[in-house]
Amino acid sequence: MSIRIAATLTGVVAPAVPRALEALALGALYAATYLILGDEDVAELALGLSLCTVAVAITLTDLERRLIPNAIVAAGAGAAIVIVALGEPASLGDRALAALAAGGALLVVALAHPRGMGMGDVKLVAMMGLYLGRAIAPALLIGFALGAAVGVSIIARHGARARKYAIAFGPLLAIGGVIGLWFGDRLVDWYLDELASAG
């Protein structure tokens, strides 16, 4: 994966990662998701494993081709809707609202800064909202924090020339999505508790 990160910072198209390494990374995400989420809520676990699969596919594709394919996003959204409809139908409305809110917020950012963010990122975030529901909020914050950290590192290394370097934002959003999957609800609960106690 270090080759792909280097490619992100330099703008060079990354070479293909061996399938064994991809499988290893996905297996590690599956294992971590199972350990963190458990198996009591089968629908939640299925959503988590599906999101990890989509996140890895989007990360590798965006780093290689600087593209988030509509087909992957659509397949991920379809899988989320089916899983939620079968396992947690009562949450479908809230998840749809989260998808609209997150996608709409990123659409505003993309329209304001088209060189820094593409429509693929907007669609990715909307899809993630279906998986994460309210946890999309901390997922976005983490993704943007990672983006800021990468941007600062590029500026520190290249100075004024940093403007010439494009960052693949999809992988950073995907990382935020996975972290949001694992810990997002806890972070939201913690924030709401702190807000209530402060009031």
Taking N as its residue count, the alpha carbon Rg of segment 2-198 over 2.2 N^0.38 Å:
1.03
Describe numerically, in nm with one decimal, the distance between label points set 7 Å from Cα along Cα→Cβ at Ala71 and at Tyr30.
2.2 nm
Simple spin-label model, 7 Å along Cα-to-Cβ: Asp193 to Ala156 in nm?
3.4 nm
Could you give the length gained on full extension between Ile81 and Val42, defined as 0.36 nm per residue of separation minus the Cα-Cα distance, in nm?
12.6 nm
Debye sum, Cα scatterers, segment 60-161, no solvent: what log₁₀ I/I(0) at q = 0.12, 0.15 1/Å?
-0.46, -0.68
For a footprinting-style exposure proxy, rank Met117, Met128 by other Cβ within 10 Å, fewest first.
Met117, Met128
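All of the numbers you see were taken from the coordinates with simple rules; none came from a lab. Bear in mind that the values here come from a model prediction, so they are computed numbers and not experimental data. All Cβ positions, glycine included, derive from the backbone under ideal geometry; neighbour counts span all protein chains shown.
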